[in-house]
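The values are calculated or read from the model by the stated rules, or taken from the named source; none is laboratory data. As the structure is a prediction and not an experimental result, all values here were calculated from the model. Cβ placement follows ideal geometry from the backbone for every residue including glycine, while neighbour counts extend to all protein chains displayed.
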């Protein structure tokens, strides 16, 4: 009988070891699969969630992740829509953990680029407040007049939706400013 007990104990140990090996293998596989997830896919998993985004202009913006495009995201605060190029994101966080990280980005994302989004704003003649990456927080307000391959031309003018902002800065710029799209941190429109 004693031998039977020893064999049963040994069998239980082998079973436990096999179970541990399977669990380790599953964890290793999950980690390897996660290494293939892009930031765009991770972001798409948070579509509709509340997010906080820190940009290269030093501003932290909070809102609901409304849209994802080729190289940009759009969040909504309820009062404002904020278009943020992925290249200007230092970090972002979400209040909710994405249950499914690997999602079909194509089902949740627009196929157009940041330049295309700027073109849409230009065509709509939407008043915007634009933030640029610089050592000091640089913002301009006006209307996007033209869109080039890697730049925009912005007709500077104090815009009605931003009158409180304009007065706070105590200046009213006019003219056309040419801004490389690579330096844009955020484009804000009012709902």
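Report, by residue number, each residue of region 123-138 that is closer than 16 Å to residue 174 by Cβ and in contact with a helix residue (DSSP H, G or I) (Cβ under 8 Å, 6 or more places away or on another chain). Please lay out each step first, then the result.
To start, the set of residues in region 123-138 that are closer than 16 Å to residue 174 by Cβ comprises 127-130.
The answer is 127, 128, 129.
A count restricted to region 150-180 and to residues that are touching a helix residue (DSSP H, G or I) at 6+ places or on another chain (Cβ under 7 Å), part of a loop (DSSP other than H, G, I, E, B) and modelled with pLDDT of 65 or more stands at 2. Within the option set 2, 20, being over 28 Å from the mean Cα position of the chain (by Cα) and loosely packed, with under 10 Cβ neighbours inside 10 Å holds for one residue only, 2. When each of 53, 60 is tested for being surrounded by fewer than 15 Cβ atoms within 10 Å (Cβ to Cβ), touching a strand residue (DSSP E or B) at 6+ places or on another chain (Cβ under 9 Å), under 30 Å from residue 150 (Cα atoms) and modelled with pLDDT of 90 or more, the lone residue that passes is 60. Only residues that are over 11 Å from the mean Cα position of the chain (by Cα), assigned to a helix (DSSP H, G or I) and touching a residue at least 12 places away in the same chain (Cβ under 8 Å) were counted in region 28-62, giving 2.
Test of understanding: among 74, 25, which residue is modelled with pLDDT of 95 or more and either at negative phi or part of a helix (DSSP H, G or I) (or both)? Step through it out loud before you land on a result.
Working: 25 fails: modelled with pLDDT of 95 or more.
Matching residue, one of 74, 25: 74.
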